[in-house]
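Before any comments, here is the structure.
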Amino acid sequence: MKSVTVAAVQLTSGVDSVHNVEHAIALVNEAADRGASYIQVPEHFNYLGPSKGFSDVAEPIPGPTTERMADVASARRVTLHLGSLLETSPTEGKFYNTSVVINDTGHIVATYRKIHLFDVDVPGAIVQRESDVIAPGRELVMVNVADVRLGLSVCFDIRFPEMYRELARSGADVLAIPAAFNAVTGQAHWEILIRSRAIENHAFVVAAAQVGTTDQGIATFGHSLIVDPWGEILAESTSRGPDVITAVLDLHEVTKRRQQIAVMDYRRPDLYNEAVHIVEG
């Protein structure tokens, strides 16, 4: 194992997909200039807007957007993680929210379709049903790339710790959580959830986020983070706009922390699927 320099690119995307892609490329180039060999951009990096526009921007994978970004990855010799984009699906009126990892030769090496969909009803704050237009994925994905074992996830997945435990048990030493996290719940929960996923799995977390409010009123929290396996913040964005943060990950730290507190070894899976013994007090 060795050290690797990673970057999280924070964006303020909107409905102009051409502009969004070109702006993302500019910041990817900035991250590469700063020495990053793994660069992550947020969820919905090329389109963040109303669902009525999904059919105009959804595309197959590979497709025009991934091909454009693959050219960037190969030209800069970096691994590029497209946090997510809208992928066409066989279900009429529905799409996949898909994360794509492109290696430093410009080849797609992994795709992950978001499993947990953002269906929430917080009175007075937010009501949204992502499942009305997004079809859920059905597979956990880890990929060995850029000298890391990368566990893939997207945004709302962060609230399901059992998913990250399975990724860690499969060997993931870096957990990817690109997001367009809601501004209201982000203020309350974003940082603590990111750090919790790092601590409980003794893994690095890279979380590139959308920030700001679109013209259509979609408000995202930002505060992109890179966190180490002890829960310490290595880099964070305090910008209210686009940004690039970088950190050097010493991958030996994962092994060190997992040996110090061997939670993987102390699990009791033989009990977890048993019925809970409920005692009436």
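Okay, here's what the table says:
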{"read-out": "Total residues in segment 129-150, condition free of Cβ contacts under 8 Å to residues at least 24 places away in the same chain and more than 15 Å from ARG169 (Cα to Cα)", "value": "3"}
{"read-out": "Neighbours by Cβ (under 7 Å, 6+ apart or cross-chain): first from segment 151-178, without any contact (Cβ under 8 Å) to a residue 60 or more places away in the chain and crowded, with 24+ Cβ neighbours inside 10 Å; second among the β-branched types (Val, Ile, Thr) and assigned to a helix (DSSP H, G or I)", "value": "ILE177/ILE158; ILE177/ILE194"}
{"read-out": "Of all residues in segment 1-47 being closer than 23 Å to THR255 by Cα and among the hydroxyl-bearing types (Ser, Thr, Tyr), the one that is farthest from the chain's Cα centre (by Cα)", "value": "SER3"}
{"read-out": "Residues of segment 179-222 satisfying the condition of being over 19 Å from PHE118 (Cα atoms) and either crowded, with 24+ Cβ neighbours inside 10 Å or in contact with a strand residue (DSSP E or B) (Cβ under 6 Å, 6 or more places away or on another chain) (or both)", "value": "ARG195, ALA198, ASN201, HIS202, ALA203, PHE204, VAL205, VAL206"}
{"read-out": "Residues (over 20 Å from the mean Cα position of the chain (by Cα) and either in contact (Cβ under 8 Å) with a residue 24 or more places away in the chain or assigned to a helix (DSSP H, G or I) (or both)) located in segment 69-105", "value": "ASP71, SER74, ALA75, ARG76, ARG77, SER89, THR91, GLY93, LYS94, THR105"}
{"read-out": "Some residue of segment 220-232 being over 16 Å from the mean Cα position of the chain (by Cα) and not in a loop (DSSP other than H, G, I, E, B)", "value": "no"}
{"read-out": "The listed residue being closer than 24 Å to MET163 by Cα, among the aliphatic types (A, V, I, L, M) and at pLDDT 95 or above, out of VAL244, VAL205", "value": "VAL205"}
{"read-out": "Some residue of segment 143-162 being at positive phi, part of a loop (DSSP other than H, G, I, E, B), modelled with pLDDT under 95 and aliphatic (A, V, I, L, M)", "value": "yes"}
{"read-out": "Extreme residue, nearest to VAL254 (Cα to Cα), among residues of segment 178-197 that are part of a helix (DSSP H, G or I) and in contact with a Phe, Trp or Tyr (Cβ under 7 Å, 6 or more places away or on another chain)", "value": "ARG197"}
{"read-out": "Residue in segment 18-31 that is polar (S, T, N, Q), surrounded by 14 or more Cβ atoms within 10 Å (Cβ to Cβ), part of a helix (DSSP H, G or I) and in contact (Cβ under 8 Å) with a residue 12 or more places away in the chain present", "value": "yes"}
{"read-out": "Condition met for VAL127 (aliphatic (A, V, I, L, M) and either closer than 23 Å to ALA70 by Cβ or crowded, with 20+ Cβ neighbours inside 10 Å (or both))", "value": "no"}
{"read-out": "Checking SER131 against (1) closer than 19 Å to LEU48 by Cβ; (2) assigned to a loop (DSSP other than H, G, I, E, B), the condition it does not meet", "value": "(2)"}
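The values are calculated or read from the model by the stated rules, or taken from the named source; none is laboratory data. Keep in mind the model is a prediction, meaning the values are calculated, not measured. For neighbour counting, all protein chains shown are included, and Cβ atoms are generated from backbone atoms with ideal geometry for every residue, glycine included.
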